[in-house]
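Read the structure below first, then the notes.
Nothing in this text is a laboratory measurement; each read-out follows from the coordinates by a stated rule. The model shown is predicted, which means the values in this text are computed figures rather than measured ones. Every residue, glycine as well, gets a Cβ built from its backbone with ideal geometry; the counts of neighbours run over all protein chains shown.
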Amino acid sequence: MTPTVPRLDLERSLWRAGLRRVAGVDEVGVAPTCGAVVAAAVIMPPNCRPIPGVRDSKTLSAAQRERLEPVIRRRALAVGVGAASVAEIDRLNIYHATHLAMRRAISRLGGHDHVLVDGLPIAGFEGQVGPYSAIVDGDAQCYSIACASIVAKVVRDRMMARLARRHPGYGWERNQGYATREHRDAIRRLGLTPLHRRSFLALQRTLAGEQVSLDLFAAGEDVAERGFDELDDPAASHPARGEPRPPRVRGR
């Protein structure tokens with residue numbers, strides 16, 4: 001099936017309304033059992049022409065993403081990247097940690113008029129970032145969100161390659177922290193690293209020797225927490241004050 005090509009319809013409607021700095025936001029790192037969750041926010045110039053090949057990062061090869069990411073950065077008015085650490089994931093849960101990473105990415109844009117975020121509406125988000133629209137499958141439908149998904153994915157892949165050298169044997173340079181058979185076998189053989197999310201039930205089952213369904217991990221990617229400041233966005237995550245305790249864990 002031919003992948004959906006994201007459109008600029010939402011951005012154009014906001015530009016016509018006089019909103020010039022429209023930010024697309026997407027996250028990676030919800031489902032894997034190790035590493036931080038990261039988000040990217042991208043503001044493209046009003047009335048820009050789409051970059052050929054940009055679409056949901058999950059439908060692109062690593063080589064395609066690596067080619068597109070610097071083009072996106074050059075053409076964007078602003079790019080922000082933010083992360084939430086493993087400690088924050090275990091403390092807040094992945095649902096709230098993801099939104100924390102999004103807010104950090106948005107805060108590094110230098111100002112914005114409206115946010116387009118992938119997914120369902122987020123409770124209290126407008127009070128934290130201002131006016132926003134939630135778009136289900138936004139990374140496939142909305143151009144700015146697709147750009148953000150590519151930036152976040154490339155940052156995360158580079159980070160996992162670095163971390164694979166620090167923690168050899170887990171195959172993170174290949175599985176990027178997903179609970180693949182290789183990764184699960186390594187956890188049983190080598191144990192946990194400081195980058196593993198101990199709050200994840202699937203990780204506990206892996207340690208117990210149970211067979212974990214890969215369906216649990218099919219829809220996410222991650223960027224690890226340490227070494228984030230070694231990449232091209234030096235503003236590593238800074239813990240937010242007064243984060244609410246989560247009512248429930250949710251991941252996708």
| field | Average silhouette area of the range 1-226, convex hull of alpha-carbon atoms, in square nanometres | value | 12.1 nm²
| request: Take the Cα gyration tensor of the range 88-134, multiply each eigenvalue by 5, square-root it, and list the three semi-axes largest first, rounded to whole angstrom. | output: 19, 13, 8
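May I ask you to order 144-155, 92-103 by the average number of other C-beta atoms within 10 Å around their residues, highest value first?
Values: 144-155: 29.8, 92-103: 24.1.
The packing order, highest mean first, is 144-155, 92-103.
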| task | Go through the range 140-147 residue by residue and turn each phi into a ³J(HN,Hα) via Karplus (6.51, -1.76, 1.60, θ = phi - 60°); whole Hz please, and just put x for glycine and proline. | result | 8, 9, 10, 4, 5, 5, 4, 4
| Protection-proxy order for peptides 169-182, 60-73, each taking the mean of Cβ atoms within 10 Å per residue, highest first | 169-182, 60-73
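So for Phe200, Phe125, fewest C-beta neighbours within 10 Å to most, what's the order? Intermediate values should be presented prior to the final figure.
Numbers: Phe200 22, Phe125 17.
Lowest count first: Phe125, Phe200.
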